[in-house]
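A.B. asks: A single structure is presented below for examination.
The values are calculated or read from the model by the stated rules, or taken from the named source; none is laboratory data. Model, not experiment: these values are computed from the prediction. Every residue, glycine as well, gets a Cβ built from its backbone with ideal geometry; the counts of neighbours run over all protein chains shown. Surface areas here come from the heavy atoms of the whole protein model, side chains and all, with no ligands, DNA or RNA. Shrake-Rupley method; radii C 1.70, N 1.55, O 1.52, S 1.80 Å.
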Amino acid sequence: MQSADAANPSEILATIGTRGSPLALVQAGEVRDRLARAHGVAPERLAIKIIRTSGDAIQDRPLYEAGGKGLFTKEIEDALLAGAIDIAVHSAKDVPTFLPDALWLSAWLPREDPRDVFVSPKAASLQALAAGSAVGTSSPRRRALVARLRPDLKLVNLRGNVDTRLRKIQEGQADATILALAGLKRLGLQDKATTIFDPHEFLPAVGQGAITLESRRGDERINAFVAAIDDKDTAAALAAERGFLALLDGSCRTPIAAHCKVDGERIAFRGMIISPDGREAHETSRNGARTDAAALGADAAKELRRRAGEKFFTDFSGA
């Protein structure tokens, strides 16, 4: 693909749609800069359009009470379908299991560190928190994992962007919170992490640390344009993780965790389903060829469905 239209160096080549949070804008800026470098054009030729989503508007309750996943992507996808933007930029963990038929995840950026971090002014680690302390998080996965590791702690809902949640902890609205290390690093706030969790102890969310681009399936120009920055290792890892999620019908109501590591032509995958109270958990792992990533993730999901039984999902899906 030609790097640019030299005849009109000021023409906007594509419009990128994003949420307006500080982290979302950093991520959209990274996409813009990578595309500009890949095609030898000025970043200004890629416009960034801020789109307010339902997830941004809902601050008074956990998102799973308002319809689960898709709340941070729907309005952006609507703009993409309407032609108001050409490329949507998402945190991969916010992307629903199933997309509108006309859209697809067309590129991935190199994945940032997928681990979770413990943040607290009162204790050096989750295990060091005093019994009865309040951990603030609205993520069903994080709540379930905390309950599994420390059933003696209180769980309270804590919403807002990264800066807001950090401020709420300092104000004492909770004694601790759990955040994604990737978001802290992208915002230059990694020093706010008290402790980084071992992923074997605290398995990340599907897609955590990954940024994905979404575009229209039939838009050959844009699909070729974004292909220049696609990271194949991240694509393989997320094929496994999203393959796992798809067969578990993952929504914001179901505590699901998964992570895939890519090493050359091989992948190592681990997945888990957990009851909201942390009392019941089922996990499994797969190793195989990266070309089989999606199938390995799906096979792991089938195993956990068999082991847990359908009652697990009907009992806990609304919890």
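A.B. asks: I'd like the Karplus ³J(HN,Hα) series for the stretch 293-304: coefficients 6.51, -1.76, 1.60, θ = phi - 60°, whole numbers in Hz, and an x wherever there's a Gly or Pro.
C.D. replies: These are the phi-based 3J(HN,Hα) values: 4, 4, 5, 5, x, 5, 5, 4, 5, 4, 4, 5 Hz.
A.B. asks: Right, something else. When ranked by the protection proxy of mean other Cβ atoms within 10 Å per residue, highest first, what sequence do the peptides 271-284, 206-219 form?
C.D. replies: Numbers: 271-284: 19.1, 206-219: 22.1.
Final packing ranking: 206-219, 271-284.
A.B. asks: Let me cross-check V89: its accessible surface, 1.4 Å probe, with only protein heavy atoms counted, in Å² to the nearest 10?
C.D. replies: Number for this one is 10 Å².
A.B. asks: Ranked highest first by the average count of other Cβ atoms within 10 Å around their residues, in what order do 120-126, 228-234 fall?
C.D. replies: Working: 120-126: 15.1, 228-234: 17.0.
Top to bottom by mean Cβ count within 10 Å: 228-234, 120-126.
A.B. asks: Please compute, for the alpha-carbon atoms of the chain, the extent along each of the three principal axes and give them in descending order in Å.
C.D. replies: 67, 44, 35
A.B. asks: Kindly give Rg over Rh for the stretch 83-216, based on alpha-carbon atoms, with the Kirkwood expression for the hydrodynamic radius.
C.D. replies: Working: Rg = 16.3 Å, Rh = 15.9 Å.
Using Cα coordinates only, the ratio equals 1.02.
A.B. asks: Could the peptides 289-301, 174-186, 144-156 be put in order, highest first, of the mean number of other beta-carbon atoms found within 10 Å of their residues? Numbers along the way, then the final one.
C.D. replies: Numbers: 289-301: 20.0, 174-186: 22.1, 144-156: 18.1.
In decreasing order of mean packing, 289-301, 174-186, 144-156 become 174-186, 289-301, 144-156.
A.B. asks: Using a probe of 1.4 angstrom, how much of the accessible area of the stretch 92-163 is carbon and sulfur, in percent? Spell out each step's value before the answer.
C.D. replies: Details: 1470 of 2760 Å².
Ligands and nucleic acids excluded, carbon and sulfur reach 53 percent.
A.B. asks: Among the lysines, select those whose C-alpha is under 17 Å from the C-alpha of K311, and discard any that sit fewer than 8 residues away in the same chain.
C.D. replies: Straight-line reach from K311, under 17 Å: K302.
A.B. asks: So with the 1.4 Å probe, I'd like the accessible area per residue for the chain, rounded to whole Å².
C.D. replies: Working: 13600 Å² over 319 residues.
Per residue, the chain has an accessible area of 43 Å².
A.B. asks: A follow-up question, please. Over the stretch 109-167, how many percent of alpha carbon pairs lie in each 5 Å bin up to the one with the longest distance?
C.D. replies: Bin by bin from 0 Å, the calculated values are 4, 16, 26, 26, 17, 7, 3, 1, 0.
A.B. asks: Further question: Provide the convex hull volume over Cα atoms per residue for the stretch 76-132, in Å³. Before the final figure, lay out the partial values.
C.D. replies: On the way: hull volume 9.1 nm³, N = 57.
In the stretch 76-132, the Cα convex hull volume per residue is 159 Å³.
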